[in-house]
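Colleague: Just dropping this structure here.
Here, each number is a calculation from the coordinates, and none is a lab measurement. Just so it is clear, the structure is predicted and the values come from calculations on it, not from any experiment. In this analysis, Cβ positions are derived from the backbone assuming ideal geometry, glycine residues included, and neighbour counts consider all displayed protein chains.
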Protein chains: 2
Amino acid sequence: MSKITIQQIADLAGVNKATVSRVINGNSKISEKTREKVEAIMKQQNYVPNSIARGLAFNKTFTVGFYSDYTDKRAYANPFFYKVLQGIEEIVYNNDHMFLMMSDHVNKKSKSTFEKVVSQHRVDGLIIPNTLLTERNYDLLVKHKMPYVVTGENMLPKGGVPWVDIDNVQAGQILTEHLIELGCRNIMIYAGGEAVKRDKFLADRLKGYTETMTRNQLDISVIQHGDVLKTFNFSEGSVKSEISGIAHPDALICCTHEQLFEILDWERGNPMLSELALATFDNFPLSKYMTHPVHFVDIDLEMMGKQAAKMLFSLMNKEPSVPKSISIQTRIGN
Amino acid sequence: MSKITIQQIADLAGVNKATVSRVINGNSKISEKTREKVEAIMKQQNYVPNSIARGLAFNKTFTVGFYSDYTDKRAYANPFFYKVLQGIEEIVYNNDHMFLMMSDHVNKKSKSTFEKVVSQHRVDGLIIPNTLLTERNYDLLVKHKMPYVVTGENMLPKGGVPWVDIDNVQAGQILTEHLIELGCRNIMIYAGGEAVKRDKFLADRLKGYTETMTRNQLDISVIQHGDVLKTFNFSEGSVKSEISGIAHPDALICCTHEQLFEILDWERGNPMLSELALATFDNFPLSKYMTHPVHFVDIDLEMMGKQAAKMLFSLMNKEPSVPKSISIQTRIGN
DNA sequence: ATGAAAGCGCTAACAT
DNA sequence: ATGTTAGCGCTTTCAT
């Protein structure tokens, strides 16, 4: 513990500690001479203001929180999740704040981590995934006047919730357009029925696909189970499925990696490789191990993190006219 | 902002704020009657002590930090990395502390995040991966008397560095033993030469393999490139490689997932599936998509996180006789 | 067992 | 431009 305090710096510089405080905080009403003297001593003594004391005086923590759910394997097992964090930290650090990450751990005998952090004001602002913005959490944030930004489109039936999300409709559009440009006409999309109802991002991707196909006067073809695809006899070049009677697809858009892997897994014993263009959203780390090339839209999650953090600082600084929501545009990868 | 303070609670209870403070901190010298009265009022008012003020008085932050490197894709892209975090947080929250996660972001005009956190005492203790415990960081920690624990075996030529790591030697042993029990005799291990020198965990896994093979009087066979394996003609059941002359392996241990994927990728066009037992360390999320079963040791990273955090709290509490290092045992998965 | 008062390190309103 | 003083909310001697 370098117990050196503002008082000691003041003594060493032969000034009052208030003067040192003014130097620290860049107060203009300070003579160049004393400023230099104090700064020299601070540097020489390797003095660092105690942020706790500073926080108490300012009634601030200089910390931004990120709330997440470890039990949400979809987030944490997703290698891209850290991209969002990277974007957030970039902005947080550039604003001279710390980054407090917390999971939604619930302690048996006490409040949840979230409730503690919010009620104790351990952070000045919070970034929270839409899946964790429950009614209860929303109420807590409002009650404690805690600034926050949601990643992923707000799902709560509340107005004025600030959010940042990937534009999944646009992603569906450009991916479909890309396949059309490549010459594909019978473009199928694999979008599970239940999941689409539950996850808005899936519905949005589907919507982007549907709109684009319609605009190009192409037939829409949505399958809800990979099994349907397997009824097509690719090897014999048949034009219609023996069972479903649907036109032979020349491209398949998988809405999630899980779907893509299911297809790739099944495809190994099938010679559809050269006949079917595969496409999905987001790049993925094992892609290099894949023998079948996969088209994909590049989702800039780092940008999403940055925008969320920027928006949060705007809110914390009570800037006027902060946008309520931001949609991040995507583009074709590779 | 629920601006309710200890003074207001005291007023409401008709006692001095010192009394309230004693109730909060479980001071024994308090009559049961006043304790109950104060506790009732605190609960009724939904009072939460201001942790900043508390920290200032205690000269503590009630926060534990975790230092990591976003540029280290191996960590962040690894879904298992989060297991460690989960373990850490479990302990941290049970000890009523917060969890401050920080990357090694370096701000252009100022100190690194790490240096700020340590010099400003933003945390009471720190967990840091061995790869980030540089000489410089070590010096900072010592200089500021900051308690810390290293995950992964200490690589620094310094004594007394507390660390927690997976017992990779033991992991190599039991995996090899498992294969032997399964009837394998010609067990090969894929361990790249350069990597082994760089990463101690690889050398340890190799060591565990070597020891076990020797103890069982079996021949050791280490390959440094996957290509060597490809010289074996599995399909014809030949006993020796045409080129290397090495005995036909019936099992292959891959030291990393990358190696495993390389083999699996190449293997698709080869009928070695039924002939070669594959084995690796750590389970991985895409395993269910693999058609070739893979033996593996289950590495309990959550336990590693827990142990690291427990050790850190012991250090922070200045408990006597805290172990300097802990090796986490592994076991065969599935 | 409880109250009064000093102090943790810093900021800010008020003096000079 | 600089010093003085009073907090920020809590803990902790020291009284009583």
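Colleague: Could you give, in nm with one decimal, how far residue B:331 is from each other copy of that position, shortest first, with labels 7 Å out from Cα toward Cβ?
Modeller: 5.1
Colleague: Given the Cα-Cα distance of residue A:7 and residue A:32 and 0.36 nm per residue of separation, how much length would full extension add, in nm?
Modeller: Extra length available between residue A:7 and residue A:32 comes to 7.0 nm.
Colleague: Counting only C-alpha contacts under 8 Å and six or more residues apart, can you give the relative contact order of the range B:9-49 as a whole percent?
Modeller: Over the range B:9-49, the number comes to 44 percent.
Colleague: With a Förster radius of 56 Å, plug the Cβ-Cβ distance of residue A:145 and residue B:181 into 1/(1 + (r/R0)^6) and report the FRET value to the nearest 0.05.
Modeller: Taking R0 as 56 Å, the efficiency between residue A:145 and residue B:181 is 0.35.
Colleague: Can you name the chain B residue with its Cβ nearest the rotation axis from B to A, and give the distance in Å as a whole number?
Modeller: Residue and rounded Å distance to the axis: B:101, 2.
Colleague: Run the quick spin-label model on residue A:18 and residue A:207: label points 7 Å from Cα toward the beta carbon, then report their separation in nm to one decimal.
Modeller: 5.8
Colleague: For each of A:266, B:163, count neighbouring Cβ atoms within 10 Å of the residue's Cβ, then give the residues from fewest to most.
Modeller: A:266, B:163
Colleague: A follow-up question, please. Inter-copy label distances at residue B:275, 7 Å along the Cα→beta-carbon direction, one decimal in nm, shortest first?
Modeller: 3.2
Colleague: Now for a different question. Which order do B:261, B:296 fall in if you start with the one that has the fewest other Cβ atoms within 10 Å?
Modeller: The fewest-first ordering by Cβ neighbours comes to B:261, B:296.
Colleague: Local charge sum around residue B:92 (other residues, Cβ-Cβ under 11 Å, Lys/Arg +1, Asp/Glu -1)?
Modeller: Counting the neighbours of residue B:92, the net charge comes to -2.
Colleague: Tell me whether the range A:82-161 comes out rounded, prolate or oblate; compute the Cα gyration tensor, take square roots of the eigenvalues as a ≥ b ≥ c, and use a/c under 1.5 as the rounded threshold.
Modeller: Oblate, since a/c reaches 1.5 and b/c is not below a/b.
Colleague: While we're looking at this one, here's another question. Which of the pairs B:33/B:306; B:143/B:200; A:83/A:207; B:158/B:306; A:200/A:310; A:33/B:145 have their Cα atoms more than 31 Å apart in this structure?
Modeller: Going by Cα-Cα distance, B:33/B:306; A:33/B:145 fall outside the 31 Å limit.
Colleague: Still on this structure, please answer the following. Between residue B:40 and the same site in the other copies, what are the distances in nm, shortest first, taking label points 7 Å from Cα along the C-beta direction?
Modeller: Those label-point separations list as 6.4 nm.
Colleague: Moving on. Once the other residues with Cβ under 11 Å from the Cβ of residue A:29 are scored (Lys, Arg +1; Asp, Glu -1), what is the net sum?
Modeller: My count for the surroundings of residue A:29 gives +2.
Colleague: Show the residues, 5+ positions off or on another chain, whose built amide H is closer than 5 Å to the amide H of residue A:127.
Modeller: A:65, A:66, A:67, A:149
Colleague: Tell me, B:121, A:248 in order of fewest to most beta-carbon neighbours within 10 Å?
Modeller: A:248, B:121
Colleague: Tally Lys and Arg at +1 and Asp and Glu at -1 over the other residues with C-beta under 10 Å from the C-beta of residue B:52: what net charge comes out?
Modeller: Summing Lys/Arg as +1 and Asp/Glu as -1 gives +4.
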